[in-house]
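Beneath this line is the structure, given in structure tokens, with notes to follow.
The values are calculated or read from the model by the stated rules, or taken from the named source; none is laboratory data. In this text, all values refer to a predicted model and were calculated from it rather than measured experimentally. So basically every Cβ, Gly included, is an ideal-geometry build from the backbone, and we count neighbours across all protein chains shown. Remember, those area values only see protein heavy atoms, side chains included, never the ligands or the DNA or RNA. Shrake-Rupley method; radii C 1.70, N 1.55, O 1.52, S 1.80 Å.
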Amino acid sequence: MTILTAKQFYKAALLLPLVAPLLAFLAPFFTRISPTGWTIGMSYFFAAVVFPYLILLLFLWIAVNKAETLSILRKVIYRALLLFLPVVFTVGGFFSGLVPIAIIDNDWTPILSILGYALIFGYAYVLLIQALYHAGCWLGWIKSWEGATGITAVLGETAGGG
């Protein structure tokens, strides 16, 4: 019972990080959390992390569509986080106001903390997605890349030695 192809799974995995910030943004409307403080905190989060992720998401979406093999796709996904950090630093840092404050105060601790947490959580998420992909293939919920493109193409690629 195949539910998703490999590309569909990876595209869904790219959209999943947007769900948690969206739920956090909508939380004050459905709970008793003070909207004022929450809105200020979430605006910094959206400016520092979510907006830069949307920029990177555009390029990753194109890369997933163009990927011809699973190994190419994995290289893109593993390297994407290293591209994400400079985007968070430049775009997110300036939109949230953290970089100008760091320049004025000469205190880079908040920015380095955000970048460190982004790196740790980002790679943890990538590893979780890889584990879920393999579990989904094993359970038959995801059509593996080899099954989607034909096993002969994969065998021909590895047997040719290059």
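For region 16-25, which residues satisfy the criterion of being among the aliphatic types (A, V, I, L, M) and either at pLDDT 75 or above or open to solvent by 60 Å² or more (accessible area, probe 1.4 Å) (or both)?
Within region 16-25, the first condition is being among the aliphatic types (A, V, I, L, M), and the residues that meet it are 16, 18-20, 22-24.
Those that are among the aliphatic types (A, V, I, L, M) and either at pLDDT 75 or above or open to solvent by 60 Å² or more (accessible area, probe 1.4 Å) (or both): Leu16, Leu18, Val19, Ala20, Leu22, Leu23.
State all residues of region 127-157 that are more than 20 Å from Tyr78 (Cα to Cα), surrounded by fewer than 14 Cβ atoms within 10 Å (Cβ to Cβ) and modelled with pLDDT of 85 or more; if no residue qualifies, say none.
Within region 127-157, Trp138, Leu139, Gly140 meet the criteria.
Check whether at least one residue in region 28-35 is of a type in the set (D, E, K, R), modelled with pLDDT under 85 and exposed (fewer than 13 other Cβ atoms within 10 Å of the Cβ), and report yes or no.
In the first step, residues of region 28-35 are kept if they are of a type in the set (D, E, K, R); the result is 32.
Right, trim to modelled with pLDDT under 85 and you get 32.
Filter once more, keeping what is exposed (fewer than 13 other Cβ atoms within 10 Å of the Cβ): 32.
Yes.
Quick check on my filter: what residues within region 97-126 are open to solvent by 50 Å² or more (accessible area, probe 1.4 Å), touching a residue at least 24 places away in the same chain (Cβ under 8 Å) and not aliphatic (A, V, I, L, M)?
Result: Tyr123, Tyr125.
Can you tell me which of (1) open to solvent by 50 Å² or more (accessible area, probe 1.4 Å); (2) touching a residue at least 12 places away in the same chain (Cβ under 8 Å); (3) aromatic (Phe, Trp, Tyr) is the one Phe94 doesn't meet?
Looking at each condition in turn, Phe94 falls short on (2).
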